Amino acid sequence: MTERNMENDAHAPTLIDVTPDNVCDEGLYCLKNPAAPGFQRKVAWFRKRHREGLRLKILHDRPGSPAGFIEYVPAEHAWRPVDAPNYLFIHCVFVTSKKHAGKGFGSLLVQACERDARDQHKAGICVMTSAQPWMANATLFTKNGFTKVHERGRFQLLAKKIQSSASDPRLRDWESRQKKHKGWHLVYADQCPWHEKAAVALAEVAADRGVDLTIKKLTTARQAQAAPSGFGVFSLLRDGRLLEDHYISATRFRNILAKELRD
C-alpha cells in the first residue's frame, strides 16, 4: 500500500493510492459493501482501466477514516464525451462535506492529480462540472487555477494548463447521438458502482409496466466518449429524447413512466 503523508505530520491527512492489488482491501469509497453487485463490477472495471492509466486515490483524515476520493485518467481513455489530447481528466472528486467542510481536502485531492500530470509531462488537467446533481461544481477547481474552456447544456469543461501552448479541451456533441435511440433505452457503464443496482431496478420496473427497455452496457472508453449524454456513463432515453443523464431510483423511473405514458 502506498501512502503519502501530506505534511510529514502524524495528524495530517493521508492519501492512499488504490491499486489492482489492494482495491478489495481499500474499497471504492462511495460503495463499501463488497457483496454488492456494483462493487465487484467496479473492481473488475477498475483493474482493466488501471492498465490504461486510471488512478483512484482515497484521502484519510486519520487512519481508517476515509474523507474523500479522486478518480482520474489520461483523457484519451476518459469515460466522458470529451476531446482533450495529452490531458489528465478527472472523472470524480468527492469529500464528505458536512464532516470535513472547510479543511481543504478537495484541494489536496486536485493537487495530487496535478502532481501526477506534471510528473507525466501532460499538457494539463481538465474536468466536467455542473451546478446540478452528480457532478462537482466549478468552485473547487476555479480556486485551484482552472478556467472554463467550453460549455454544453448544463455541463462546463474546466481546464488547468501546464503547457501554455496546449490546445483547449472540448466537449463532444452528445445531443446529435440521441436521435438514433428509438423506443426506450438505458445506456450505462460500470465506471460508477451504483449503476448496476439502478439498471437492475429500471429493468424490473419496465418489465412490470410492459415497457420494452433496451439496455446496453458500455465496455470501452471510446463507447462512453460517443455516449448520448454529457455524463456519458448513464443515459435514459425515449424516442431520441434524453430523459435522465445520471442514475435514478426505481421510484423516479416509475414517475417518468407515468408522465411519458400519460402524455
Could you grab the relative contact order for the stretch 199-263? Cα pairs under 8 Å, six or more apart, rounded to a whole percent.
25
Pop a pseudo-label 7 angstrom from the Cα along the beta-carbon direction at both Thr220 and Ala35 and give the gap in nm to one decimal.
3.7
About the Cα centre of the stretch 106-176, what is the dipole size in debye to 20, counting +1 per Lys and Arg Cβ and -1 per Asp and Glu Cβ, all else neutral?
120
Mean-square fluctuation maximum in Gaussian network of the chain, Cα pairs under 10 Å, restricted to Ala78, Ala136, Ala36, hits Ala36
Ratio of the stretch 127-212's C-alpha Rg to 2.2 N^0.38 Å, to two decimals?
1.47
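Solvent-accessible area per residue for the chain at a 1.4 Å probe radius, Å²?
48
I'm checking a number: the convex hull volume of the Cα atoms of the stretch 53-171, normalised per residue, in Å³. What is it?
Values: hull volume 12.0 nm³, N = 119.
So the per-residue hull volume is 101 Å³.
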Round to a whole number: what % of the accessible area of the chain belongs to carbon and sulfur, probe 1.4 Å?
48
For the chain, take N as its residue count and report Rg(C-alpha) divided by 2.2 N^0.38 Å.
1.03
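Report relative contact order for the chain in percent, whole number only (criteria: Cα-Cα under 8 Å, sequence separation at least 6). Could the numbers behind the result be given before it?
Working: 514 pairs, mean separation 41.7, N = 263.
So the answer I get is 16 percent.
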Per DSSP helix of 4 or more residues, -39500 (n - 2.57); summed, then divided by the residues of the chain. What does that give at 222 nm, rounded to the nearest 500?
-8000 deg cm²/dmol
On a 30 Å Cα-Cα criterion, which of the cross-link pairs Lys98/Lys143; Lys32/Lys179; Lys160/Lys217 come out too long?
Lys32/Lys179; Lys160/Lys217
GNM of the chain, Cα pairs under 10 angstrom: of Lys161, Lys122, Lys32, the biggest fluctuation goes to Lys32
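Could you give the dipole magnitude of the stretch 16-101 about its Cα centre, charging the beta-carbon of Lys and Arg +1 and that of Asp and Glu -1, in debye to the nearest 20?
Values: 13 positive and 9 negative charges, 57 e Å.
Roughly 280 debye, rounded to the nearest 20.
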The distance between the Cα centres of the stretch 6-77 and the stretch 120-194, in whole Å, is 21
Identify the residues of the stretch 217-247 with backbone N under 20 Å of a label point that sits 7 angstrom from the Cα of Asp208 along the Cα-to-Cβ direction, or state none.
236-237, 244, 247
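The values are calculated or read from the model by the stated rules, or taken from the named source; none is laboratory data. The structure presented is a predicted model; accordingly, all values stated were derived computationally and were not measured. Virtual Cβ from ideal backbone geometry, glycine too; neighbours counted across all protein chains shown. Keep in mind that these areas ignore ligands, DNA and RNA; they rest on the heavy atoms of the full protein, side chains included. Shrake-Rupley method; radii C 1.70, N 1.55, O 1.52, S 1.80 Å.
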